[in-house]
Amino acid sequence: MPLPLAPLIPLAIRLGLVATTTVAVTRWVRSSTHPGRTDQRAEDALDDLGEGLSLHRPADRAEDRQTNATARLRRVVRFRGRTYEIDAGLMARFRLREADE
(Lines give C-alpha, C1' and ligand atoms only; values in the text may rest on other atoms or scores of the structure.)
Protein backbone atom coordinates (compact mmCIF):
# COMPACT_ATOMS: atom_id res chain seq x y z
CA MET A 1 0.00 0.00 0.00
CA PRO A 2 1.55 3.34 -1.05
CA LEU A 3 2.28 5.94 1.62
CA PRO A 4 0.55 9.30 0.93
CA LEU A 5 3.30 11.93 1.10
CA ALA A 6 1.28 14.87 -0.25
CA PRO A 7 0.03 15.96 3.23
CA LEU A 8 3.67 16.20 4.43
CA ILE A 9 4.77 18.65 1.72
CA PRO A 10 3.60 21.84 3.56
CA LEU A 11 5.39 20.69 6.70
CA ALA A 12 8.56 19.94 4.75
CA ILE A 13 8.45 23.36 3.08
CA ARG A 14 8.01 25.13 6.44
CA LEU A 15 10.87 23.21 8.04
CA GLY A 16 13.07 23.94 5.02
CA LEU A 17 12.30 27.66 5.23
CA VAL A 18 13.04 27.73 8.95
CA ALA A 19 16.34 25.90 8.45
CA THR A 20 17.36 28.16 5.55
CA THR A 21 16.48 31.30 7.51
CA THR A 22 18.42 30.06 10.53
CA VAL A 23 21.52 29.37 8.44
CA ALA A 24 21.26 32.76 6.72
CA VAL A 25 20.83 34.68 9.99
CA THR A 26 23.71 32.77 11.61
CA ARG A 27 26.03 33.57 8.70
CA TRP A 28 24.99 37.22 8.72
CA VAL A 29 25.59 37.58 12.47
CA ARG A 30 29.00 35.89 12.25
CA SER A 31 30.06 38.05 9.32
CA SER A 32 28.96 41.32 10.93
CA THR A 33 30.60 40.74 14.31
CA HIS A 34 34.25 40.52 15.23
CA PRO A 35 35.66 37.75 17.41
CA GLY A 36 36.41 40.13 20.27
CA ARG A 37 39.26 40.07 22.73
CA THR A 38 39.86 39.56 26.42
CA ASP A 39 41.50 42.48 28.22
CA GLN A 40 43.17 41.30 31.42
CA ARG A 41 42.89 44.79 32.96
CA ALA A 42 39.13 44.69 32.53
CA GLU A 43 38.98 41.18 33.97
CA ASP A 44 40.93 42.31 37.04
CA ALA A 45 38.68 45.36 37.46
CA LEU A 46 35.57 43.15 37.33
CA ASP A 47 37.11 40.80 39.91
CA ASP A 48 37.72 43.77 42.26
CA LEU A 49 34.08 44.94 42.17
CA GLY A 50 32.14 44.77 45.40
CA GLU A 51 28.87 42.91 45.48
CA GLY A 52 25.78 45.03 44.97
CA LEU A 53 24.91 48.10 42.91
CA SER A 54 26.85 51.37 42.88
CA LEU A 55 26.12 54.64 41.07
CA HIS A 56 28.38 57.67 41.40
CA ARG A 57 29.69 60.79 39.68
CA PRO A 58 33.47 61.30 39.88
CA ALA A 59 34.51 64.74 41.13
CA ASP A 60 37.24 65.06 38.49
CA ARG A 61 34.67 64.56 35.69
CA ALA A 62 32.16 67.20 36.82
CA GLU A 63 32.49 69.22 33.60
CA ASP A 64 31.59 66.15 31.52
CA ARG A 65 28.64 65.25 33.77
CA GLN A 66 29.88 61.68 33.76
CA THR A 67 28.07 58.99 35.74
CA ASN A 68 29.57 55.59 36.50
CA ALA A 69 27.66 52.49 37.51
CA THR A 70 28.85 49.10 38.74
CA ALA A 71 26.99 45.98 39.71
CA ARG A 72 28.03 42.53 40.85
CA LEU A 73 26.07 39.45 41.73
CA ARG A 74 27.67 36.34 43.22
CA ARG A 75 25.54 33.34 44.05
CA VAL A 76 25.86 29.58 44.48
CA VAL A 77 22.99 27.59 43.00
CA ARG A 78 22.36 23.91 43.65
CA PHE A 79 20.26 22.13 41.05
CA ARG A 80 19.72 18.39 40.69
CA GLY A 81 22.71 17.46 42.78
CA ARG A 82 25.10 19.81 40.96
CA THR A 83 26.51 23.07 42.26
CA TYR A 84 26.92 26.12 40.02
CA GLU A 85 28.63 29.39 40.96
CA ILE A 86 27.20 32.49 39.29
CA ASP A 87 29.46 35.54 39.15
CA ALA A 88 28.05 38.40 37.06
CA GLY A 89 29.72 41.81 36.94
CA LEU A 90 28.83 44.98 35.07
CA MET A 91 30.64 48.27 34.65
CA ALA A 92 29.09 51.13 32.71
CA ARG A 93 29.81 54.77 31.93
CA PHE A 94 27.40 57.41 30.69
CA ARG A 95 28.89 60.74 29.65
CA LEU A 96 26.91 63.73 28.36
CA ARG A 97 28.90 66.54 26.76
CA GLU A 98 27.97 69.51 24.66
CA ALA A 99 29.33 69.08 21.14
CA ASP A 100 31.19 71.82 19.34
CA GLU A 101 29.60 72.43 15.94
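Figure legend. Inter-residue proximity from the range 78-101: first residues modelled with pLDDT of 90 or more, second residues of a type outside the set (Lys, Arg) and exposed (fewer than 10 other Cβ atoms within 10 Å of the Cβ), beta-carbon distance below 6 Å, spacing 6+ or different chains. Indicated pairs: Tyr84/Val77; Glu85/Val76.
Among the residues of the range 58-85, which ones are of a type in the set (Lys, Arg) and surrounded by 10 or more Cβ atoms within 10 Å (Cβ to Cβ)? Arg61, Arg65, Arg72, Arg74, Arg75, listed by residue number. For the range 26-57, a residue qualifies if it is of a type in the set (Gly, Ala, Ser) and either on the phi < 0 side of the Ramachandran plot or in contact with an Asp or Glu (Cβ under 9 Å, 6 or more places away or on another chain) (or both), and the qualifying residues are Ser31, Ser32, Ala42, Ala45, Gly50, Ser54.
The residues on offer are Ala69, Ala62, and the sole one that is in contact (Cβ under 8 Å) with a residue 24 or more places away in the chain and within 26 Å of Arg95 (Cβ to Cβ) is Ala69. When Leu55 is tested against (1) closer than 30 Å to Asp100 by Cβ; (2) exposed (fewer than 10 other Cβ atoms within 10 Å of the Cβ), exactly one condition is not met: (2).
The values are calculated or read from the model by the stated rules, or taken from the named source; none is laboratory data. Every value quoted in this text rests on a predicted model; they were computed, and no experiment measured them. Using ideal geometry, Cβ is built from the backbone for each residue, glycine included, and neighbour counts are taken over all protein chains shown.
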